[in-house]
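Here the structure comes first, spelled out in structure tokens, and everything after it is commentary.
The values are calculated or read from the model by the stated rules, or taken from the named source; none is laboratory data. These figures come from a predicted structure and were not determined experimentally. As a convention, Cβ positions derive from the backbone with ideal geometry for all residues, glycine included, and neighbour counts pool all protein chains shown.
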Amino acid sequence: MLNNLFVYGTLKKGHLRSRMWPRAPQTIRTALARGRLLDLGAYPGLIPGEDWVLGELWTLASEDVLETLEVLDQVE
């Protein structure tokens, strides 16, 4: 099962929505992803593109992934 999530913006460690994560990650590392950020008003959106987006790679325990995705779907 996939257990790495790339996050940017308010879901990153120490930012507004970082406390919404239901379980603590095993690790958090600085990461880059290819794409382009869109200004959607209150929050950005990441779409495919040629730019680099700075974020974090959160590694979760396999047993925490489904709950985390459910909670984040509600938040986002």
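Points worth noting:
- Applying the criterion of being touching a residue at least 24 places away in the same chain (Cβ under 8 Å) and small (G, A, S) to the residues of the range 1-54, the residue that is nearest to V75 (Cα to Cα) is G9.
- Output for the range 31-42, where each listed residue is in contact with a strand residue (DSSP E or B) (Cβ under 7 Å, 6 or more places away or on another chain) and closer than 20 Å to K13 by Cα: A31, L32, A33, L37
Conditions tested, residue by residue: (1) touching an Asp or Glu at 6+ places or on another chain (Cβ under 8 Å); (2) at pLDDT below 90.
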| site | (1), (2) |
| --- | --- |
| R36 | yes, no |
| G41 | no, yes |
| L46 | no, no |
| G55 | no, no |
| L72 | no, yes |
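- Scanning the range 43-70 for residues that are over 16 Å from K12 (Cβ atoms) and not acidic (D, E), we see that the one that is nearest to the chain's Cα centre (by Cα) is L69.
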